[in-house]
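Scroll down for the structure; my scribbles are underneath it.
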Amino acid sequence: MWGSRNALPASHATQDSDAETTLRILKPSAKAAVPMALFYVVLALGMSMLFMYFYAEISWLLSLFGDVVGKSLHMVSWEVWLLGGLWALCLLRPAMYLLELKTTEYEFTNRRLRYTRGILNRTRDQIELVRVRDLTATRSLMQRLLGIGTLSIDSVDRTHPQFDLLAQRSVYELKDWIHDLNARERARLGYREFEGTQGIG
């Protein structure tokens, strides 16, 4: 569930209430890259059609350029390089975004949320579960079609007052699960809300 791996049984987590235990490790779904990829594919197709429409003009400009530099340019070679470069540029951003998703990891323990992100430069940080104030699960039309959603975590953490778990499956069930973790951690620590704050919802 929720794209997890290395999850431990619930009974193991309750054997020692004082020990911190990894409960679940989540990763964003690669489906989140689909809308961006479709957009750039359509963009590349449109630009390719424009290239073919203005083929005569481009051919004339290349011939003129060849006369200026004193070299004969092979149009077929330039077509391949131009269209290949165009498609490479259009697909680079979706590929980078997919790589960002694949290198992001959310690790839940019974005490905190640890998250790691970054392709070359890795960043690792954490949010204490007891500091979570509110949870909001959202699913856009495209996300509903893809079967994913975004879970926004509102906390009193100064570094990350709002944090998003991107592209999660069964996001409503995930919200309820984190809500239960938060309630148990608050009960363990005897945490109480002060005036002007709100409880998790």
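Taking the number of Cβ atoms within 10 Å of each Cβ as an exposure proxy, the fewest-first ranking of PHE54, PHE108 is PHE54, PHE108. Counting other Cβ atoms within 10 Å, which trypsin sites (Lys or Arg not before Pro) in segment 88-137 have at most 11 and lie in a DSSP loop? Passing sites in segment 88-137 are ARG122.
Multiplying the residue separation of ARG144 and ALA187 by 0.36 nm and removing their Cα-Cα distance gives an extension gain of 12.0 nm.
Evaluate the relative contact order of segment 91-143 (contact order divided by residue number), counting alpha-carbon pairs under 8 angstrom at least 6 apart; express in whole percent. Relative contact order of segment 91-143: 23 percent. Between ALA30 and TRP177, the contour length at 0.36 nm per residue exceeds the Cα-Cα span by 50.7 nm. Gain on full extension, evaluated as 0.36 nm per residue between TRP87 and ARG158 minus their Cα-Cα distance, stands at 21.3 nm. Placing dummy labels 7 Å off each Cα toward the beta-carbon, the span from LEU38 to ASP134 is 3.1 nm.
Each reported figure results from applying straightforward, stated rules to the coordinates on display, with no laboratory input. Quantities reported herein were computed from a predicted structural model and do not represent experimental measurements. With ideal geometry, Cβ positions are generated from the backbone for all residues, glycine too; neighbour counts draw on all protein chains shown.
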